[in-house]
Amino acid sequence: RSPAGMLLVAAGLLLAVAASGRGSPAGEQESPPGSRFVCTSLPLDATGAGCPLPPVPMQGGALPPEEELKATVLQLRETVLQQKETIGSQREAIRELTGKLSRCEGADGKSAAGAWKNEVGKGKDTMGDLPRDPAQVIDQLSRTMQTLKDRLESLEHQLRANVSYAALPSDLREMLQRRLGDLERQLLSKVAELEDEKSLLHNETSAHRQKTETALNALLERVSELEKGNSAFKSPDEFKVSLPLRTNYLYGKIKKTLPELYAFTVCLWLRSSASPGIGTPFSYAVPGQANEIVLIEWGNNPIELLINDKVAQLPLFISDGKWHHICITWTTRDGMWEAFQDGEKLGTGENLAPWHPIKPGGVLILGQEQDTVGGRFDATQAFVGEMSQFNIWDRVLKAEDIMNIANCSINMPGNIIPWVDNNVDVFGGATKWPVETCEERLLDL
């Protein structure tokens, strides 16, 4: 025969032996019904890519084809014998497991379970040696699970029947009632304790609030005494107003207002080193005109005088941190104005709101520029520094009088707005302090 024919015969023998080893034992896997095997002859040079044959040791060189086929058949027979031994060991394991399951399903479930535990404890655990899906084992497990399920349903039915028809014993009912009564009393006691704590807390809060209000009232009275301040200064005019921060809430307010004016003179002492610009030393606003009279140095602009929102730039330089005496005069006739610093006239001009009388009934503010009457302050325009001796007259003072005021020769209060303590209120943190003497201010120049 040809080598290909011999290969076909050997494959047929292997399949016949394997089929005879699978068929008879109960509980083993069988070939699915209707399955068949197809044998296809392969050339010798293609055996490596399909089903490789076991290697046969070569002795003394290459064998004839007939000898090589005989050796292959012997090797196949050895393989078949090894498979038979494996199948036999699997049969023993299945029989052992079947016996154990039968004992588990015996009438005496407790003794069978105990025997199973003892045997498992001292014997060999063969659960891992079972075939992957034995049909009989699956059927037996299904029957066992169904039996357990039926027993559980029976127990549940009995439990429901007992609960439905059994009444609670009388002593148990009495115990439950006592327990509920105790819980109710404990709850009421806890509620009463909480009410007492709430009442105590309310009393403590009221006492604390009353104590705080008493302290605040005493503080307000002390502040009022300090603001009245007649006894704080040697003389009613020997004080200054300090505005240390550039904010929109620190300011002073003159209580008196202006009458209708056709001319005026404003003089004051001030000290500031704020930059850029010292801000607004004072502003006077009336309904319909927020810039009726304003003195301002804002940003890098020169100091300006505004009358009825008209502007004149003044040749004053007062941002060196020293005390300076400033006087400004104005008359409605041709709008003439003059500017004095430390008693010396530094500038004059005209046509500043000519023939415009100053309106009465406005608000005079120290340290802030008003955008509305008495309010809408802008922090960037606020005055930073100290001021004193703010006086207003209803006429143009002579240059000689201004010089005498500046060099401390005379003390001339304003006949319209004098600088006295009870005419100036401070707000927002602005403060009043005793001012340096006029001679001390002169030494600072």
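The values are calculated or read from the model by the stated rules, or taken from the named source; none is laboratory data. Just so it is clear, the structure is predicted and the values come from calculations on it, not from any experiment. Note that each Cβ is placed from the backbone with ideal geometry, even for glycine, and that neighbours are counted across all protein chains shown. Remember, those area values only see protein heavy atoms, side chains included, never the ligands or the DNA or RNA. Shrake-Rupley method; radii C 1.70, N 1.55, O 1.52, S 1.80 Å.
Would you check which residues across segment 294-322 are among the β-branched types (Val, Ile, Thr) and either under 23 Å from Leu442 (Cα atoms) or open to solvent by 10 Å² or more (accessible area, probe 1.4 Å) (or both) and list them?
Listed by number, the residues that qualify are Ile296, Ile303, Val311, Ile318.
Check off (1) within 30 Å of Thr437 (Cβ to Cβ); (2) part of a loop (DSSP other than H, G, I, E, B); (3) not small (Gly, Ala, Ser) for Ile328 and give me the number that stays unchecked.
(2)
Which condition number in (1) in a strand (DSSP E or B); (2) free of Cβ contacts under 8 Å to residues at least 40 places away in the same chain is the one that Asn351 fails?
Of the numbered conditions (1) in a strand (DSSP E or B); (2) free of Cβ contacts under 8 Å to residues at least 40 places away in the same chain, the odd one out for Asn351 is (1).
Would you mind telling me which numbered condition in (1) free of Cβ contacts under 8 Å to residues at least 40 places away in the same chain; (2) crowded, with 17+ Cβ neighbours inside 10 Å Gly362 fails?
(1)
Within segment 414-424, can one find any residue that is free of Cβ contacts under 8 Å to residues at least 60 places away in the same chain and assigned by the TED database to the domain that holds Trp323?
Within segment 414-424, one or more residues are free of Cβ contacts under 8 Å to residues at least 60 places away in the same chain and assigned by the TED database to the domain that holds Trp323.
In segment 388-400, what count of residues is obtained for those that are of a type in the set (Gly, Ala, Ser) and part of a strand (DSSP E or B)?
Qualifying residue count, segment 388-400: 1.
Of all the residues that make up segment 426-445, how many are in contact with a Gly (Cβ under 7 Å, 6 or more places away or on another chain) and either open to solvent by 60 Å² or more (accessible area, probe 1.4 Å) or assigned to a helix (DSSP H, G or I) (or both)?
Number of matching residues: 0.
Can you find a residue that is part of a loop (DSSP other than H, G, I, E, B) and on the phi > 0 side of the Ramachandran plot anywhere in segment 411-425?
No, because not a single residue in segment 411-425 is part of a loop (DSSP other than H, G, I, E, B) and on the phi > 0 side of the Ramachandran plot.
Give segment 245-260 a look and list any residue that's open to solvent by 50 Å² or more (accessible area, probe 1.4 Å), out of contact with any helix residue (DSSP H, G or I) (no Cβ under 8 Å at 6 or more places or on another chain) and assigned to a loop (DSSP other than H, G, I, E, B), or say none.
Residues satisfying the conditions are Leu245, Tyr249, Thr257, Pro259, Glu260.
Which condition number in (1) more than 18 Å from Ala274 (Cβ to Cβ); (2) under 58 Å from the mean Cα position of the chain (by Cα) is the one that Ala339 fails?
So the condition that Ala339 fails would be (2).
Just need a number here: residues in segment 365-387 that are in a loop (DSSP other than H, G, I, E, B) and crowded, with 23+ Cβ neighbours inside 10 Å.
4
Being open to solvent by less than 50 Å² (accessible area, probe 1.4 Å) and of a type in the set (D, E, K, R) is the filter here; which residues of segment 388-415 pass it?
Selection gives Asp401 alone.
Filter segment 331-348 for residues that are part of a strand (DSSP E or B) and under 13 Å from Thr265 (Cα atoms); which is most open to solvent (accessible area, probe 1.4 Å)?
Met336
In segment 261-293, what count of residues is obtained for those that are of a type in the set (S, T, N, Q) and either surrounded by fewer than 14 Cβ atoms within 10 Å (Cβ to Cβ) or not assigned by the TED database to the domain that holds Ala430 (or both)?
2
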